Ligand SMILES: N[C@@H](CCC(=O)N[C@@H](CS)C(=O)NCC(=O)O)C(=O)O
């Protein structure tokens, strides 16, 4: 395998995707340049046969294409394509371990486990249940037109509240300025896009005072300001800074 500095990266992303935002925020924090290609989830680009066959068989974002830095990404084959946001973040952490880290050092295995535990509450317990394809499929199964049958917003709030309640309990033991101590970690880069979504669905965040304090800190970081949904070139033109009334993706 070639040294990491010989690589360049293209990220397939959508501004409102919390999984893409994790990777964007992580890369900004670590000062790793990414070129973006936009997948319009609301238009179904993730289902295009060319995207599924050549980039991401899971029909989702993000996907990170790793190129040789001297190659032409439009013509030459990539070195690798990594799908799954957590795998991408951990890859970037491993090949760019310094100067800025998103995981505690190898000498702190329990703290590393804590960061991963928190990140997985978001990535494994909340996001998959609240993903667009899930609620679209449920909506297709329940009686169309019956207002009492199923409410997407209640479903979203339920699973977001469950996950954030667990997060709140766990961070009580380890939070400093951020979720684990005073440095931004992979847990925080997963948490903040999940809070953006929770706010869109009007989850009662007053139940989570520690998470709210951490949220305020993360929002001040350059990494969030540059990698969060509101600063993305593909954001909907109607989305103003500070606006939470975004289409529920
Ligand atoms: N486990 C995957 C989940 C990827 C995923 O579901 N991404 C969402 C956006 S956050 C998506 O592309 N959804 C498209 C759809 O549901 O059709 C990861 O962490 O990368």
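Rounded, prolate or oblate: which one fits the chain, using the alpha carbon gyration tensor with axes a ≥ b ≥ c (rounded when a/c is under 1.5, else prolate when a/b beats b/c, else oblate)? Intermediate values should be presented prior to the final figure.
Values: a/c = 1.81, a/b = 1.13, b/c = 1.61.
Here the chain falls in the oblate category.
What percent antiparallel are the DSSP beta bridges of the stretch 4-140, to the nearest 5?
Values: 10 of 14 bridges.
Counting DSSP beta bridges with both partners in the stretch 4-140, the antiparallel share is about 70 percent.
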Open item on the list: With a 10 Å cut-off between alpha carbons and a GNM built on the chain, which of 148, 131, 68 moves the most?
Closed with: 148
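What percent do you get for the relative contact order of the stretch 1-142 when only Cα pairs under 8 Å and 6+ apart count? Don't jump to the answer; show the numbers that get you there.
Values: 150 pairs, mean separation 32.7, N = 142.
Relative contact order here is 23 percent.
What number, in percent, do you get for the relative contact order of the chain if the mean sequence gap of Cα pairs under 8 Å and at least 6 apart is divided by its residue count? Don't jump to the answer; show the numbers that get you there.
Numbers: 329 pairs, mean separation 60.0, N = 249.
Relative contact order for the chain comes out at 24 percent.
Could you tell me the relative contact order of the stretch 102-217? Use alpha-carbon pairs under 8 Å, at least six residues apart, and round to a whole percent.
Details: 106 pairs, mean separation 37.7, N = 116.
This gives 32 percent for the stretch 102-217.
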TODO: Give the shape of the stretch 45-123 as rounded, prolate or oblate, defined through the alpha-carbon gyration tensor: a ≥ b ≥ c are the square roots of its eigenvalues, a/c under 1.5 means rounded, and otherwise the shape is prolate if a/b is larger than b/c and oblate if not.
DONE: oblate
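For the stretch 1-104, rounded, prolate or oblate, judged on the Cα gyration tensor with a ≥ b ≥ c (square roots of eigenvalues), a/c < 1.5 rounded, else prolate if a/b > b/c?
Numbers: a/c = 2.09, a/b = 1.28, b/c = 1.63.
It comes out oblate by the Cα gyration axes.
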- [ ] Using label points projected 7 Å from each Cα along Cα→Cβ, tell me how many nm separate residue 212 and residue 117, to one decimal.
- [x] 2.5
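How many percent of DSSP beta bridges within the chain run antiparallel, rounded to 5? Write down the numbers at each step before the final one.
On the way: 10 of 15 bridges.
In the chain, DSSP labels about 65 percent of beta bridges as antiparallel.
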Task: Separation in nanometres of the label points that stand 7 Å from Cα toward Cβ, at residue 129 and residue 151 - done: 1.8
- [ ] Name the residue, out of 188, 154, 76, whose mean-square fluctuation peaks in a Gaussian network model built on the chain with Cα pairs under 10 Å.
- [x] 76
Task: GNM result for the chain, Cα springs below 10 Å: residue of 230, 219, 24 fluctuating most strongly - done: 219
- [ ] Enter the Cα centre distance for the pair the stretch 51-114 and the stretch 165-208, rounded to the nearest angstrom.
- [x] 23
Task: Net lengthening on full extension, residue 172/residue 74 (0.36 nm per residue, minus Cα-Cα) - done: 30.5 nm
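Read-outs throughout are calculated quantities, based only on the coordinates presented, and are distinct from any laboratory measurement. Note that the structure is predicted; figures quoted are calculated from it, not measured. Cβ sites come from the backbone with ideal geometry, for glycine too, and all protein chains shown count toward neighbours.
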